[in-house]
Amino acid sequence: MFESPTLQTLTDYNIWIALPAIALAFGTMFLLVIDVFLPANRKHWTPILALVGIGISFLINLFTYNPEQTSTFGGMFVADAFTGFLNIVVLITAFISVLLSTDYLRRTETNHGEYYILLLLSATGAMFMVGANDLIVIFIGLELLSIPLYILSAFRVTYTDDRDATFVLKSEESGMKYFILGAFSSAFLVYGSALLFGATGTTNLREIFAAVGPILESSAENSGALLLLIGAALSLVGLGFKIAAVPFHMWTPDVYEGAPTPITAYMSVAAKVGGFAALFRLMIVGLSGLTLDAGVDPAAWQGTIQVIAAVTLILGNFVALSQTNIKRMLAYSSIAHAGYILMAVAAVGSAGLVPDIANTAAQAGLVYLLAYAFTNLGAFAVVLALENNDGTGTELSDFNGLYNSRPMLALAMALFMFSLTGIPLTAGFMGKWLVFSAAVQAGLIPLTIIGVLTSVISAFYYVRVIVNMFLLTEDEGSPAVGETAPVRYAVYASMAGVLIVGIAVPLVTNLVNMVSLV
Amino acid sequence: MDFVVPTEFFFVLSLVLFVLGALGVLLRKNAILVFMSVELMLNSANLALVAFARQWNSLNGHIFVFFVMTVAAAEVAVGLALIVAIFKSKRSINIDDLHQMEG
């Protein structure tokens, strides 16, 4: 029989543990209503309110941060150190992206309130994804993360009469390509989920884990093991598109180049955080028992992930060498960084039988995501500061002599490039060091060697930006029309983040060392 | 005696539909036909989900299907809006005409 819900029922169901995500969802809906009633001369309040919403969710997340794993919504959503930490990454990303957006939207005449609402909705989706413990929630979170991004990628189209302008054509092409490949990849994820459900009879990841062992033992008389393997492979394809791993990366450079720069900054981090969170949960919580010989072999998928990681590292870094547009270069660099985080996933899978090493590897992946978030957001903030209203000013040659005209921006960009390369005392170094040492502990020596070598190669294209800025000269410096106060704050915040993660290491490792997925 | 269609039949049909949909996405040039192919892939997953849900006697599969249908509807709304925007500026919805960016 049904009982009428009371406040007591709500607390029994632990709904408060999903409060950071719920608060952001409510804040978004609130903003949607408020924005309609704001008079035209008060529209600048929308981004401020969006920042307030993100801040409130961030505070709630800090206060409810609890390393003990608790679950709600019938076990579909879990809150633990993993969720809490990645929530922080997502919220920081959303905050800095809103800071980057305000002036950009004004000067490109696309200043519409729904932009911020879509951005927050997408962040909400990412937050549900990082807490997802069920195939259904992973799917919904992924779609809530992606669908607003399809719209935002094409946002420069809105209300423009000048439909032949290159930046409009690029933006709508970017949205279209992202949409087609995004929908294609979610279809793979859904079909993979359907097969996993068919094999195990449940969509809950912990129950899938419990069901995998018996299925493998009795696989002689049923086809459950085959369903599991195909389901895992199709889900991996679906998530591989989202994190832009080779061979599912083709959309990345075009989408990153054509999308409005603040959106490029946002999606290069948030989509990867969401995708990797789902990948970690699905592969490790759900399918770590999917082995060819239970109790002896590591998970069956980890070999595949190793190969994907190696190919991603090599292709991402080598193709980035030949790019002349900074947005495309950063797109290939983001593909390469997906490879480093995949190394952590492979290490967890390979060390799955030794929980200590597996957890260290998972923590390394999380630190890498945080480091990558600060560094990439900062790099895109500098790109945005130099970009002209018509989308030009993003070639590598536009950075020539930047140190003479804008020393502050040049120094910031140099720091971000050092961090992307992995020079000590920056966040990027910490991330790489932790991931490489976890991979070595897990016994992935060849993959680690590929990782180190490709890092060295990556120095060529990152340092080329620095050489352009400091050693080459240009008669006329870049006008840097985008260098306004909010953008400068975003650059400072990212610099602070890069240095804090790079130097005050214990601060970050204390946050993640309670993460245990295995 | 009632004849109950075995789950395998549904599964094989859904697999065929999924492969047809995937081929459609890869081979078709018209954006609307590409969307229809994506829808076919999602619906093949729906078919597999309900068939498995019946076999396991579990509600989760049915619930999943409802969410997939809702999301597919939302996706189509966004996709058709993008097609209209592109048609306005290019007078074409052939996805081979989308080559503004190279490299």
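Can you tell which of A:ALA18, A:ALA25 is within 17 Å of A:LEU144 (Cα to Cα) and touching a Leu at 6+ places or on another chain (Cβ under 9 Å)?
Result: A:ALA25 is the single residue among A:ALA18, A:ALA25 that is within 17 Å of A:LEU144 (Cα to Cα) and touching a Leu at 6+ places or on another chain (Cβ under 9 Å).
Does A:GLY482 qualify as being more than 24 Å from A:SER350 (Cβ to Cβ) and in contact with an Asp or Glu (Cβ under 7 Å, 6 or more places away or on another chain)?
In short, yes.
Does segment A:400-409 include one or more residues that are in contact (Cβ under 8 Å) with a residue 12 or more places away in the chain and under 22 Å from A:VAL512 (Cα atoms)?
No, that holds for no residue.
To keep it simple, each residue is scored yes or no on (1) surrounded by 24 or more Cβ atoms within 10 Å (Cβ to Cβ); (2) closer than 18 Å to A:GLY303 by Cβ; (3) more than 14 Å from chain B (Cβ to nearest Cβ).
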position	(1), (2), (3)
A:LEU229	no, yes, yes
A:PRO247	no, yes, no
A:VAL255	yes, no, no
A:ALA259	yes, no, no
A:ALA265	yes, no, yes
A:LYS272	yes, no, yes
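Yes/no per residue for (1) in a loop (DSSP other than H, G, I, E, B); (2) over 16 Å from A:LYS177 (Cβ atoms); (3) of a type in the set (S, T, N, Q); (4) modelled with pLDDT of 90 or more:
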{"site": "A:HIS249", "(1), (2), (3), (4)": "yes, no, no, yes"}
{"site": "A:PRO253", "(1), (2), (3), (4)": "no, no, no, yes"}
{"site": "A:PRO262", "(1), (2), (3), (4)": "no, yes, no, yes"}
{"site": "A:MET267", "(1), (2), (3), (4)": "no, no, no, yes"}
{"site": "A:ALA271", "(1), (2), (3), (4)": "no, no, no, yes"}
{"site": "A:GLY275", "(1), (2), (3), (4)": "no, yes, no, yes"}
{"site": "A:LEU290", "(1), (2), (3), (4)": "yes, yes, no, no"}
{"site": "A:PRO298", "(1), (2), (3), (4)": "yes, yes, no, no"}
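Quickly run through segment B:71-103 and pick out the residues that are at positive phi and either in contact (Cβ under 8 Å) with a residue 40 or more places away in the chain or of a type in the set (D, E, K, R) (or both).
Scanning segment B:71-103 gives a single hit, B:ARG91.
Does at least one position in segment A:55-69 carry a residue that is in contact with a strand residue (DSSP E or B) (Cβ under 9 Å, 6 or more places away or on another chain), buried (at least 21 other Cβ atoms within 10 Å of the Cβ) and among the polar types (S, T, N, Q)?
no
Regarding B:GLY79, is this residue touching a Phe, Trp or Tyr at 6+ places or on another chain (Cβ under 6 Å), within 23 Å of A:TYR256 (Cα to Cα) and facing another protein chain (nearest Cβ under 7 Å)?
Judged against the criteria, B:GLY79 is a match.
Check B:VAL65 against each of (1) modelled with pLDDT under 95; (2) in contact with a helix residue (DSSP H, G or I) (Cβ under 7 Å, 6 or more places away or on another chain) and name the one condition it does not meet.
Of the numbered conditions (1) modelled with pLDDT under 95; (2) in contact with a helix residue (DSSP H, G or I) (Cβ under 7 Å, 6 or more places away or on another chain), the odd one out for B:VAL65 is (1).
Somewhere in segment A:227-247, is a residue over 18 Å from the mean Cα position of the chain (by Cα), in a helix (DSSP H, G or I) and of a type in the set (Lys, Arg)?
no
Can you name every residue in segment A:302-351 that is part of a loop (DSSP other than H, G, I, E, B) and surrounded by 24 or more Cβ atoms within 10 Å (Cβ to Cβ)?
A:ALA351
Would you mind stating whether A:LEU145 is closer than 18 Å to A:GLY274 by Cα, crowded, with 23+ Cβ neighbours inside 10 Å and aliphatic (A, V, I, L, M)?
Yes: the conditions hold for A:LEU145.
Is it the case that segment A:124-145 has a residue that's away from chain B (no Cβ under 11 Å) and touching a Pro at 6+ places or on another chain (Cβ under 7 Å)?
Checked segment A:124-145: at least one residue is away from chain B (no Cβ under 11 Å) and touching a Pro at 6+ places or on another chain (Cβ under 7 Å).
Pairs only if they're at least six apart or on different chains, beta carbon under 6 angstrom, first in segment A:76-102 and farther than 19 Å from A:TYR266 by Cα, second among the aromatic types (Phe, Trp, Tyr) and surrounded by fewer than 24 Cβ atoms within 10 Å (Cβ to Cβ); list them, first residue then second.
Final answer for the pair search is A:GLY84/A:TYR65.
Given the condition under 19 Å from the mean Cα position of the chain (by Cα) and either at positive phi or more than 9 Å from every other protein chain (Cβ to nearest Cβ) (or both), answer yes or no: does some residue in segment B:48-57 qualify?
Looking through segment B:48-57, at least one residue is under 19 Å from the mean Cα position of the chain (by Cα) and either at positive phi or more than 9 Å from every other protein chain (Cβ to nearest Cβ) (or both).
Which numbered condition trips up A:GLU109, out of (1) crowded, with 23+ Cβ neighbours inside 10 Å; (2) more than 10 Å from chain B (Cβ to nearest Cβ)?
For A:GLU109, the failing item is (1).
Can you name the residue in segment A:410-423 that is in contact (Cβ under 8 Å) with a residue 60 or more places away in the chain and closer than 23 Å to A:ILE341 by Cα and, of all such residues, is farthest from the chain's Cα centre (by Cα)?
Step by step, filter segment A:410-423, then rank; the result is A:LEU415.
Can you spot a residue in segment B:19-37 that is under 15 Å from A:LEU195 (Cβ atoms), more than 7 Å from every other protein chain (Cβ to nearest Cβ), among the hydrophobic types (A, V, I, L, M, F, W, C) and free of Cβ contacts under 8 Å to residues at least 40 places away in the same chain?
yes
The values are calculated or read from the model by the stated rules, or taken from the named source; none is laboratory data. Here the structure is a predicted model, which is why all the values come from computation and not from measurement. Because the Cβ atoms are built from the backbone with ideal geometry, glycine has one as well, and the counts that use them run over all protein chains shown.
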